Amino acid sequence: MAESHITPMIYYWIFIAVLVGADQGIKYYIANNLALGSTHTFIPGLLSLTSLRNNGAAWSILTGRIDIFIVITIVAVIVLAYAMWRLRAQRLYMWGISFMMAGTLGNFIDRIRLGYVVDMFQLDFLKSFPISNFADWCLTAGVILLIVAVIFDRDDNTTGHSQASSKKKAKTPKKDDRPIKHSGPRHAAK
């Protein structure tokens with residue numbers, strides 16, 4: 001029996017759970033150990049920890065519209081779960097989708113539980129960049145992995161073997177090799 005090269009789905013769901021747990025643990029630590037609005041240097045010139053509550057998205061987009069975020073998140077989780085099922089044999093896509101699912105769920109938990117998202121990571125070298133959290137970093141990592149997966153996808157048209165052309169070939173009807181049976185008055189035995 002040939003070995004399957006498909007990583008079982010359970011491994012991806014465990015990975016997602018670990019990332020969501022890390023996100024929630026970091027947020028819990030920040031919320032309970034840093035005063036709201038305070039900043040502490042973590043890596044000088046690179047990263048600071050700043051305790052913030054964000055009831056919008058990056059750059060305060062849709063501030064206070066938790067209803068919209070809940071709908072968007074539910075749709076995103078459904079789409080990502082479908083993509084995981086559909087692309088389950090393609091590892092790079094699966095890792096990217098797993099990171100995205102973890103980030104989506106991490107921020108969703110905050111919005112449902114707290115009504116806002118706990119943010120803490122401030123990139124000191126990017127002055128106008130929004131303060132983010134571990135879930136946001138997971139989303140970013142997932143998008144980068146999906147871009148890489150699309151660029152290096154082995155089923156693209158550059159190989160001449162796209163899925164669309166394979167499907168066309170498979171649907172071409174076969175010629176019927178059976179002898180033609182003649183009937184009717186013209187072919188009747190005399």
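Ordered by the number of other Cβ atoms lying within 10 Å of each residue's own Cβ, fewest first, Leu145, Leu105 fall into the sequence Leu145, Leu105.
Each of Val143 and Ala35 was given a label point 7 Å from its Cα along the Cα-to-Cβ line. The distance between the two points is 3.4 nm. Semi-axes of the equivalent ellipsoid of segment 9-153 are 27, 18, 14 Å, computed as sqrt(5λ) over the eigenvalues of the C-alpha gyration tensor in descending order. Net length available on complete extension from Leu123 to Val79 is 12.8 nm, with 0.36 nm assigned per residue and the Cα-Cα distance removed.
Coordinate-derived values only; no laboratory data. Computed from a predicted model, the values in this text were never measured in an experiment. Reconstructed Cβ throughout: ideal geometry from the backbone, glycine too, with neighbour counts over all protein chains shown.
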